[in-house]
């Protein structure tokens, strides 16, 4: 009798683990892709901000802040990462604007104050990147354009079609492929079993986001961006492994630069190493956005 109870308990435990292995990724897929609508609040008073709305082919009307710069300087688009907003990009806007650059901060579709049905991890967001750069080109036809993309924002810039009209591009903590990004995140939170469960997450992409994993591979696009690239990645990044940043850099075409940020996880690298960040990023833009 006791042996039967033990066998029954073990069977129930296996069923429970199996259910968790299926339900867990389904819940994670819903959570990661659901809209992340957050009010931005009042624009920072220390910046000369104009409120703008940009119509995107993603279907969204992007809520954005345009920060006026000096006439002789270029314009830089700054795009946030997953589950973030333009407000988080204000420190980057400040350092760029102090150097004279015009800066555009936008909420990507389905995030912040921009409407949208679902987050698509760079697919629809690439249409947002295209729309923002088209806005800057129409508004400032003579200014050279640069861009900074953090995590998913960087993926959106790399996935844009055709390659955007940029003179310089900075990508921070960007994944090489959605499969690898999903695997790293699931392994971070659930250990080795997370790598297996990550497959169930990527299998959901076609019916949750409307795109296949093959369409979310920035590493296949970085060679065709057509401008100098600065790749920045934390050496201790557990959500997007440092090796992904190394591979992105290797796939990029010269002129290119790589800044491995020692000890940094998947965090705001501008806040993690502010002095080095300002020095390196401004030097890069000063060289290529003449």
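Can you tell me which residues in the range 207-220 are part of a helix (DSSP H, G or I) and modelled with pLDDT of 75 or more? Within the range 207-220, 213, 214, 215, 218, 219, 220 qualify.
If you take just the strands (runs of 3 or more DSSP E) that sit entirely in the range 47-128, which of them hold at least 2 residues that are buried (at least 20 other Cβ atoms within 10 Å of the Cβ) and in contact with a helix residue (DSSP H, G or I) (Cβ under 7 Å, 6 or more places away or on another chain)?
Working: elements: 49-55, 61-67, 75-79, 102-106.
Output list reads 61-67, 75-79, 102-106.
The values are calculated or read from the model by the stated rules, or taken from the named source; none is laboratory data. Computed from a predicted model, the values in this text were never measured in an experiment. Every residue, glycine among them, receives a Cβ derived from its backbone with ideal geometry; neighbour counts consider all protein chains shown.
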